[in-house]
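What follows is a set of notes on a single structure, which appears directly below.
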Amino acid sequence: MIALLAPPIATVRATVADFLAALIDVYTILIFAYIISSIYQSFGGRIPYNRVLNAILDFLRQVCEPYLSIFRRFIPPIGPLDLSPIVGILVLSFGGALIVGLIAG
């Protein structure tokens, strides 16, 4: 009879920590893409009507706005400058690194 061995706990924890770190990196990239698209539109850049492009911009807005709106409650925009994405990315980076470190052990 072949005995199935469970993977060591350290391997599972490292895998979960790596997955969470990758998820945080992807979300940070999405926030950067949202910032760049917002800056382009605020400087008068006209994005042509395109279904695929509109779907991508709507996706970025729906994914990033709920997280960034948390910080906009506490940090109002200073004129045209919105600091909430910077604070959001910093909190995501430091908080994510702390959580990944706790999971990895």
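Every number here is computed from the coordinates shown, using simple stated rules; none is lab data. Please read all numbers here as calculations on a predicted model, not as lab measurements. All Cβ positions, even for glycine, are placed from backbone atoms using ideal geometry, and neighbour counts span all protein chains on display.
Side notes on the structure shown:
- Qualifying residue in segment 80-97 (condition: over 15 Å from the mean Cα position of the chain (by Cα), aliphatic (A, V, I, L, M) and surrounded by 13 or more Cβ atoms within 10 Å (Cβ to Cβ)): yes
- Qualifying positions in segment 66-79 - more than 22 Å from residue 20 (Cβ to Cβ) and loosely packed, with under 13 Cβ neighbours inside 10 Å: 69, 73, 74, 76, 77, 78, 79
- For segment 22-49, filtering for residues that are among the hydroxyl-bearing types (Ser, Thr, Tyr) and surrounded by fewer than 16 Cβ atoms within 10 Å (Cβ to Cβ) leaves 4.
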